[in-house]
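Structure provided below as structure tokens; questions to follow.
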């Protein structure tokens, strides 16, 4: 375990040396600035119009979901891009040959890097999602309920995409890995919509196809389950990114955890077999 933590520390130091941390923080800070300005004007308009409390709460909850949707997407992008060339790029540059020549198991290299990137992704998610919730609290006095359930689901989605990117980097070139990783996200998005449309139109075949796609890439299912958990009292959001006409089950969450573990195991196995 000590050597895994050492690899994690070196990975973090390398990310800091390459100025990755300031770049992602700057992007997240810009998003929060724009979000805060927009929320200020929305809250001012609601107050000026004398909107009823229930209407005001519904609007603010939708704005919360929109902010967290962007925070979730940004975190997924960071989780994919951080490790996208950490294995293939270092093999191509010759850095990995030096590192692998040390008395290290290749599994320890992969797990150390995965742990470092997971920590950075989690910290970025805390920064962006926490910033959204803090801005809502300060500007509009809105406190979003059920976050203790929703936030771990969103973080699981980031861990899943991180693991897919790591697994791809163990076998593919940097560009190919990035394309395939984001294709997994796109497939999940399309599958989620097919499932929702099939449910709303009572088209069992479309719903089943969407469910099968979600099994291949469950990232969208995790977001929809989190969105439902955050907005149990809101209606009319089923056919939107912020709701679900067919709520993902607990079994889908368990499968997402298993999918993440399988992707990490694939990364370890592929990297062990890859010539340096």
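Looking at 61, 57, which is the one that is farther than 18 Å from residue 224 by Cβ and either in contact (Cβ under 8 Å) with a residue 24 or more places away in the chain or in contact with a helix residue (DSSP H, G or I) (Cβ under 7 Å, 6 or more places away or on another chain) (or both)?
Testing whether each residue is farther than 18 Å from residue 224 by Cβ and either in contact (Cβ under 8 Å) with a residue 24 or more places away in the chain or in contact with a helix residue (DSSP H, G or I) (Cβ under 7 Å, 6 or more places away or on another chain) (or both) leaves just 57.
So, in the stretch 197-236, exactly how many residues are surrounded by 23 or more Cβ atoms within 10 Å (Cβ to Cβ) and either within 14 Å of residue 160 (Cβ to Cβ) or without any contact (Cβ under 8 Å) to a residue 60 or more places away in the chain (or both)?
12
Across the stretch 122-154, what is the total count of residues that are assigned to a helix (DSSP H, G or I) and within 23 Å of residue 36 (Cβ to Cβ)?
Applying the first criterion (assigned to a helix (DSSP H, G or I)) to the stretch 122-154 yields 122-140, 147-154.
Still in the running and within 23 Å of residue 36 (Cβ to Cβ): 122-140, 147, 150-151, 154.
Result for the stretch 122-154: 23.
In the list 43, 107, 51, which residue meets the criterion of being in contact (Cβ under 8 Å) with a residue 24 or more places away in the chain, farther than 30 Å from residue 184 by Cα, over 21 Å from the mean Cα position of the chain (by Cα) and surrounded by fewer than 22 Cβ atoms within 10 Å (Cβ to Cβ)?
When all the criteria are applied, what remains is 43.
We did not get these values from a lab; they are worked out from the coordinates using the rules stated. This one's a predicted model, so the numbers in the text were calculated from it and none came from an experiment. Counting neighbours? That spans all protein chains shown, and the Cβs are built from the backbone with ideal geometry, glycine included.
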